[in-house]
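Everything below concerns the one structure shown next.
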Amino acid sequence: MTPRAITIRLAEPRDAQPIALMSRDFIEAGLGWKYDAARVMRAIRDRETLAIVACDAKSSPASRGAINGFAILEFGDERAHLVLLAVRPSHRRTGIGQRMLEWMTESARIAGIASIHLELRAGNDEARKFYRAMGFYETVLVPGYYRGGEGRKEGALRMLRVLRVPGPLPAAWRPPRMPEDPKAR
Ligand SMILES: CC(C)(COP(=O)(O)OP(=O)(O)OC[C@H]1O[C@@H](n2cnc3c(N)ncnc32)[C@H](O)[C@@H]1OP(=O)(O)O)[C@@H](O)C(=O)NCCC(=O)NCCS
């Protein structure tokens with residue numbers, strides 16, 4: 001599968017269930033299921049949260065391809081928190097994670113965000129390598145951050161990517177302009 005066969009778009013309410021199932025199976029396995037469909041639906045509807053999906057590109061605009069990846073980013077004033085990001089195992093190492101993260105990073109940059117933060121399970125070496133390759137670095141290890149059933153605990157590794165110097169935006173700062181659509185003239 002080439003990255004070109006994938007479309008990235010904003011998540012819609014109908015995507016809540018498939019996203020929640022991917023979170024349960026590929027991110028939260030063994031920790032209990034916190035991001036169920038209701039919680040994902042709240043994220044999709046929240047104006048301060050960006051939720052996207054990576055789908056199989058279909059020839060007909062009306063048809064919707066299968067969801068093979070998703071990401072959720074919460075915006076604060078200056079910091080954004082990457083809450084969840086996953087790619088279906090069959091589609092990994094084809095650049096989908098990178099494309100979704102670039103989508104999120106560009107949105108954060110345009111919104112004036114100074115840094116993107118995230119946590120991952122301390123033993124998740126694949127994701128750690130992925131985020132390192134994407135310009136994130138490790139800040140702190142938080143023992144016992146994740147709590148599953150039967151008293152199970154697991155440490156979290158916090159990572160960070162700096163987008164600009166923190167503090168107020170310079171007065172001259174303006175959001176980047178979108179390229180003009182020649183058809184709109
Ligand atoms: C982490 C994850 C999202 C990466 O998605 P992906 O689509 O496979 O990543 P990409 O193909 O875009 O990889 C981009 C680069 O990241 C690095 N990378 C990604 N996965 C890697 C791995 N398993 N080992 C080493 N480097 C890796 C590589 O440099 C890769 O470039 P390359 O393939 O040209 O070498 C995916 O493995 C996943 O869904 N894991 C389970 C869920 C999870 O742990 N999410 C993070 C915590 S919320």
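Read-outs: derived from the displayed coordinates by stated rules, not from any lab. Model, not experiment: these values are computed from the prediction.
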Seminar exercise, completed: segment 5-122: relative contact order from alpha carbon pairs under 8 Å, six or more residues apart, as a whole percent, is 23
Exercise. Any idea what Rg and Dmax come out to for segment 11-59 if you just take the C-alpha atoms, in Å?
Worked result: 11.5, 38
For this session: Taking the Cα atoms of segment 3-168, report the difference between the largest and smallest coordinate on each principal axis, in whole Å and largest first.
Result: 48, 45, 30
For this session: Grab the eigenvalues of the alpha-carbon gyration tensor for segment 67-111, scale each by 5, take roots, and send me the semi-axes largest first in whole angstrom.
Result: 22, 11, 6
